[in-house]
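Before any comments, here is the structure.
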Amino acid sequence: MSVRAIDLRRGQAIAYKDGVWVCITNEKVAKGNWRSSQVVQLKNIQTGQLIKERFRTDEAFETAFIERTAMTYLYSDSSGHVMMNMETFEEVRLPADLIGDQSVYLVPNLQITVGFQDKTPVTADLPNTVELVVEDTPPQMKGATATNSMKDAQCEGGARVKVPSFVANGGHILVDTRTGEYLSKA
């Protein structure tokens, strides 16, 4: 099966340059009246090499098969993140760079989709929203009634999020893992 460059999504695997590559980002670029193109960042799953290449929007790639499994996050240590398959109770250790900067959103019992190729984890997709507990934020100022006044909040896991002034310590909030933005109270 093939996929066009414009249809590539984050986490999707393709066969390219005699290897299997995973799409990290895909941006459409249109300059004036020139033809549109896609700037795609790819990661080689065997070597870990990152490349950024420009493709025509209709350029086709062969999709590579990656087995995706829902797993539950258990804990992190210096060597990576430990996940468990809740059907087989098998534990899998993911390298820290597989989740990268999104590791601040990891909370116990979070469901993550992990992609495997030849029993080696190659991708990890967090849910779009997570519920976090606010650990430290300044108190609400009296008389601050502006509708869009935001303050910094330190959440469990280390995430720093701008929240409305009514959010207090110990409050539960929903955060978008793709942008790091506050969505609502939980």
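The values are calculated or read from the model by the stated rules, or taken from the named source; none is laboratory data. From a predicted model like this one, the values you see are computed outputs, not experimental measurements. Neighbour counts run over all protein chains shown; Cβ positions are idealised from the backbone, glycine included. Side chains included, ligands, DNA and RNA excluded: accessible areas come from the protein's heavy atoms. Shrake-Rupley method; radii C 1.70, N 1.55, O 1.52, S 1.80 Å.
All of 97, 118, 152, 136 fail the test of being farther than 16 Å from residue 73 by Cα and either in contact (Cβ under 8 Å) with a residue 24 or more places away in the chain or among the hydrophobic types (A, V, I, L, M, F, W, C) (or both), apart from 136. Filter the range 168-186 down to the residues that are part of a loop (DSSP other than H, G, I, E, B), touching a Ser or Thr at 6+ places or on another chain (Cβ under 9 Å) and either open to solvent by less than 40 Å² (accessible area, probe 1.4 Å) or small (Gly, Ala, Ser) (or both) and list them by number. Within the range 168-186, 168, 171, 177 qualify.
Checking the stated criteria, residue 11 turns out not to satisfy the condition of being closer than 26 Å to residue 119 by Cα and in contact with a helix residue (DSSP H, G or I) (Cβ under 9 Å, 6 or more places away or on another chain). Within the range 36-86, being surrounded by 14 or more Cβ atoms within 10 Å (Cβ to Cβ) and aromatic (Phe, Trp, Tyr) holds for 55, 61, 73.
Among the residues making up the range 38-56, those that are under 24 Å from the mean Cα position of the chain (by Cα) and more than 27 Å from residue 120 (Cα to Cα) are 38, 39, 54, 55.
Taking the condition out of contact with any Phe, Trp or Tyr (no Cβ under 8 Å at 6 or more places or on another chain) and among the hydroxyl-bearing types (Ser, Thr, Tyr), does residue 69 pass? So residue 69 fails the test.
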